[in-house]
Amino acid sequence: MKASLITNSDLVGRTEIAETNCGPIAICGTCRPALFRNLQVDQGLGHFSHYSSIIQRLEDFETIALLPGGRVTLGIEDPNIIVGYCVGSYPDSTDRWAALGDLMYELAAVEVSRNYRGCKLGEKLLGTTMNDDFFEDKIAYMCGYSWHWDLEGKGMSAAQYRSMMKHLYGKFGFREVYTNEPNITLRAENIMMIRVGLRVTPEDQMKFRHLRFGMKPIADKKPTIPAAANT
Amino acid sequence: MLKDYPKAIVTKDGDSVLLRPVTAQDEQELNKFFSEIPDDEQWFLREKLDDPHILSEFLRKLDYKRIIPIIAVRETDGKIIANVRLHLSSAPCIGHVAHLRIMVHPDFRSLKIGSWMILDCVKTAMDIGLEKLFAEFISGVEDSAIGAALKLDFRHEGTLKDYIRDSKGGYRDLIIMSRDLQTRWSDF
């Protein structure tokens, strides 16, 4: 492992070595833009006959890391191979969720190379990303679209993949919510999951609930049940 | 399986509605719900949950492994405005399928609550590993539910002509619909 890369605080926020059944993998949280030019992407992250990785180029990691609030967590195998990643950022200004400003934070993708699946790397990447007090002021969300899933590579149906996603994100306090956002509603397998930070107010949660259905909150309709429990 | 509940939806008139599993504490509100279903629709209920004694027995024997009953509750006053039941089987030969039955309060139709509840059933059925979901609707009575099911990728499996007799002695067709739950990459 190139220790000079993963322990350099100018390049990586924090690093831990995960002992997996694929061998030791460095999980590097809050990667800085200057890190990526020293790395390579594993061949299991790429174009396949029925599936393409969401991120395949080092420049894309750099772009995300440079976004306001952009976060990149990488799984790196000796000496400098990216074998998995988790990326997040504030929603794009064209997204519905941008209407709530920096309350919303999107976990845009978690992906593990086809060559390193079954090592629980996804869990480690997501766990490292979410292990931050930053998220207690946020409604963190993920949108899972079945057309992005590697069903062939996993040998799963879309429903099984959906359940796997629920299980993975559920470990970090996410739960499924409903929305009429057209891309989510396009297929029943698609899923939106959220994690509400401890310091997010019931009023903000109610705004988010209405936004999920394309509405502004109605001030005189007060819930009888605390909204905090039912986002 | 049911840990994601309650699930919130917002109707197009701005009401917050919570979907959640039925509990024994819902007896009073459920009695009210069924009592407000018009007589000509109550006629078609197969389990006669509009009868308080049968409803009470149903609630006493709640077993989510056999039937998953979900209600839609208006958040402002706790009023039950719809219910759907996902009927499962312990028999291995039909353990891969489930049947759904749905009823929406007459005052709350055209708000897409039924669509959300059917979608919720589809997702729940997927999450518990079922392969196929069936629904039976009465032609001319549940046409809006048929429309909602079609939009959610149910397909028409067959029609049982004159299977249902209405309260005036006329006959109606039973429409059988199904939805595959375990699509693979090749299905896309």
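The values are calculated or read from the model by the stated rules, or taken from the named source; none is laboratory data. It should be emphasised that the depicted structure is a prediction, and the values quoted were computed from it without experimental measurement. Cβ atoms come from the backbone with ideal geometry, glycine included; neighbour counts cover every protein chain shown. These accessible areas exclude ligands, DNA and RNA; they are computed on the full protein's heavy atoms, side chains included. Shrake-Rupley method; radii C 1.70, N 1.55, O 1.52, S 1.80 Å.
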For this session: Any chance you could count how many residues in segment A:65-79 are at pLDDT 95 or above and either basic (Lys, Arg) or open to solvent by 30 Å² or more (accessible area, probe 1.4 Å) (or both)?
Result: 1
Exercise. So which strands (runs of 3 or more DSSP E) stay within segment A:101-199 end to end and still have 3 or more residues that are more than 9 Å from chain B (Cβ to nearest Cβ)?
Worked result: A:104-112, A:139-144, A:191-196
Exercise. From the residues in segment A:193-207 that are within 19 Å of the chain's Cα centre (by Cα) and buried (at least 20 other Cβ atoms within 10 Å of the Cβ), which one is farthest from A:Trp149 (Cα to Cα)?
Worked result: A:Val196
For this session: Confirm whether A:Thr15 is assigned to a strand (DSSP E or B), surrounded by 13 or more Cβ atoms within 10 Å (Cβ to Cβ) and either hydroxyl-bearing (Ser, Thr, Tyr) or out of contact with any strand residue (DSSP E or B) (no Cβ under 9 Å at 6 or more places or on another chain) (or both).
Result: yes
Problem set entry | Among (1) under 23 Å from A:Ile184 (Cα atoms); (2) open to solvent by 40 Å² or more (accessible area, probe 1.4 Å), the one test that B:Leu152 misses | (2)
Exercise. In the list B:Val17, B:Val10, B:Val22, which residue meets the criterion of being away from every other protein chain (no Cβ under 14 Å) and closer than 22 Å to A:Val177 by Cα?
Worked result: B:Val22
For this session: Evaluate segment B:42-53: report whether one residue or more is loosely packed, with under 15 Cβ neighbours inside 10 Å and polar (S, T, N, Q).
Result: no
Exercise. Does B:Lys168 satisfy the condition of being charged (D, E, K, R) and either without any contact (Cβ under 8 Å) to a residue 12 or more places away in the chain or within 23 Å of B:Val10 (Cβ to Cβ) (or both)?
Worked result: yes
For this session: Would you point out which residue out of A:Gly88, A:Gly101 is open to solvent by 30 Å² or more (accessible area, probe 1.4 Å) and closer than 20 Å to A:Met193 by Cα?
Result: A:Gly101
Seminar exercise, completed: All-but-one check, B:Ser110 against (1) in a helix (DSSP H, G or I); (2) open to solvent by 10 Å² or more (accessible area, probe 1.4 Å); (3) more than 11 Å from chain A (Cβ to nearest Cβ), failing number (1)
Exercise. Of the residues that sit in segment A:150-179 and are among the aliphatic types (A, V, I, L, M) and over 24 Å from B:Leu19 (Cβ atoms), which one is most open to solvent (accessible area, probe 1.4 Å)?
Worked result: A:Met156
For this session: Name the single residue, out of those in segment B:172-188 being hydroxyl-bearing (Ser, Thr, Tyr) and either at pLDDT 95 or above or surrounded by 18 or more Cβ atoms within 10 Å (Cβ to Cβ) (or both), that is farthest from A:Lys154 (Cα to Cα).
Result: B:Ser178
